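To start, the structure itself, in C-alpha cells.
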Amino acid sequence: MAGSGTNVEVRTREKTAKPPLYKVILLNDDFTPREFVVMVLKSVFRMDEGAALGVMLTAHRRGACVVAVYTREIAETKSSQANDLAKRHEYPLRFTTEKET
Ligand code: TYC
C-alpha cells in the first residue's frame, strides 16, 4: 500500500558552539622568590606542589610558561587574582592571558 512506509531522516546540526579558550601565562622575572611563585600557583590555580614546581621552573628557565587553559572569564579572573597577590606582596611577578588560536 502506497504511503505506508516509514522513512525517517535523521539530520545532525551543531547547536552549541564551543567557547574560545584562553591560556594563562606565567612570566619570569629576576626578583620574585621561587617559593612565592609556587604558593601562588598552588593557591590560585589549585596545583599540587610537583606541578607548581614544574611550571615555576619552566618559566624561570624559558622566560614564560602556560599555566592552564580556561574560558575567557575564568582565565582573566585567575590571572587578576594572581597579579593582585603579587602586587600586595610588592613582587613584580605577572600573569597574562592569551586567546588560543
Ligand atoms: N626567577 C625567579 C628567581 O630566580 C623565580 C621565578 C620563577 C620568578 C618563575 C617568576 O615566573 C617566575 N628568584
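Readers should treat all values here as calculations from the given coordinates under stated rules, not as data from a laboratory. No experiment lies behind these values; they were computed from the predicted model shown. For neighbour counting, all protein chains shown are included, and Cβ atoms are generated from backbone atoms with ideal geometry for every residue, glycine included.
List of remarks:
- Only the Cβ atoms of Lys and Arg (+1) and of Asp and Glu (-1) were treated as charged; on that basis the dipole of the chain about its Cα centre amounts to roughly 240 debye.
- Degrees between helix 72-88 axis and first principal axis of the chain (Cα, 0 to 90, nearest 10): 10
- Once the Cα gyration tensor of the chain is diagonalised, semi-axes √(5λ) in Å: 46, 13, 11
- Point-to-point label distance, Ala51-His89, nm (Cα→Cβ direction, 7 Å offset): 1.9
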